[in-house]
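Worksheet for the structure shown next.
The values are calculated or read from the model by the stated rules, or taken from the named source; none is laboratory data. Here the structure is a predicted model, which is why all the values come from computation and not from measurement. Here Cβ is always computed from backbone atoms with ideal geometry, including for glycine, and neighbour counts include all displayed protein chains.
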């Protein structure tokens, strides 16, 4: 749960307040035991809760045209609080518009192609030939 998530972030080199590449984690690691509404989508007026984020993003990941879904870690505040993310990466052959439609119940902002911020994350993510990265984000 939280200890395992923080250990994985440390294993990847930690988080340096937005400087350089970010850590990324799988859905299970980010959402297992996560009941912190402020951990993702915190600016949503009608927040569906982390359990709904997890359910919807698992359904996206389970699609045949999706290779994987990863949570980018945007901020670590205190060691006893869940890390914050404002984006996820979807490795897919589908368009950004299609990915946004699959996640519409989570009210993401307009999706984009490619990595967030300063390039690829600390943990290498395989992007198979013919696939690309779509970033869903919440501001």
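Can you tell me which residues in the range 57-107 are over 21 Å from residue 42 (Cα atoms) and outside any helix (DSSP H, G or I)?
62, 63, 64, 65, 66, 67, 68, 91, 92, 93, 94, 95 - these are the residues of the range 57-107 that are over 21 Å from residue 42 (Cα atoms) and outside any helix (DSSP H, G or I).
Please determine, by comparing only the residues of the range 29-40 that are over 14 Å from the mean Cα position of the chain (by Cα) and in a loop (DSSP other than H, G, I, E, B), which one is nearest to residue 83 (Cα to Cα).
36
Which ones in the range 88-122 are within 20 Å of residue 29 (Cα to Cα) and more than 13 Å from the chain's Cα centre (by Cα)?
Answer for the range 88-122, where residues must be within 20 Å of residue 29 (Cα to Cα) and more than 13 Å from the chain's Cα centre (by Cα): 120, 122.
List the residue pairs whose Cβ atoms are under 9 Å apart, where the first residue sits in the range 1-15 and is closer than 12 Å to residue 26 by Cβ, the second is assigned to a helix (DSSP H, G or I), and the two are 6 or more positions apart or on different chains.
As it stands, the answer is 4/29; 5/29; 5/30; 8/29, since those pairs meet every condition given.
Only one residue in 108, 48, 64 is buried (at least 18 other Cβ atoms within 10 Å of the Cβ) and either modelled with pLDDT of 95 or more or in contact with a helix residue (DSSP H, G or I) (Cβ under 6 Å, 6 or more places away or on another chain) (or both). Which one? So that I can check it myself, show each step before the final result.
Values: 48 fails: buried (at least 18 other Cβ atoms within 10 Å of the Cβ); 64 fails: buried (at least 18 other Cβ atoms within 10 Å of the Cβ).
Testing whether each residue is buried (at least 18 other Cβ atoms within 10 Å of the Cβ) and either modelled with pLDDT of 95 or more or in contact with a helix residue (DSSP H, G or I) (Cβ under 6 Å, 6 or more places away or on another chain) (or both) leaves just 108.
Determine whether the range 7-17 contains at least one residue that is loosely packed, with under 12 Cβ neighbours inside 10 Å, closer than 20 Å to residue 90 by Cβ and under 16 Å from the mean Cα position of the chain (by Cα).
No, that holds for no residue.
Considering only the range 41-67, state which residues are within 22 Å of residue 130 (Cα to Cα), without any contact (Cβ under 8 Å) to a residue 12 or more places away in the chain and within 16 Å of the chain's Cα centre (by Cα).
Hit for the range 41-67 is 62, nothing else.
May I ask you to verify whether residue 128 is in contact (Cβ under 8 Å) with a residue 24 or more places away in the chain and either part of a helix (DSSP H, G or I) or closer than 17 Å to residue 35 by Cα (or both)? Walk me through how you get there before you give the answer.
Working: in contact (Cβ under 8 Å) with a residue 24 or more places away in the chain: yes; either part of a helix (DSSP H, G or I) or closer than 17 Å to residue 35 by Cα (or both): no.
Spelling it out, it is not the case that residue 128 is in contact (Cβ under 8 Å) with a residue 24 or more places away in the chain and either part of a helix (DSSP H, G or I) or closer than 17 Å to residue 35 by Cα (or both).
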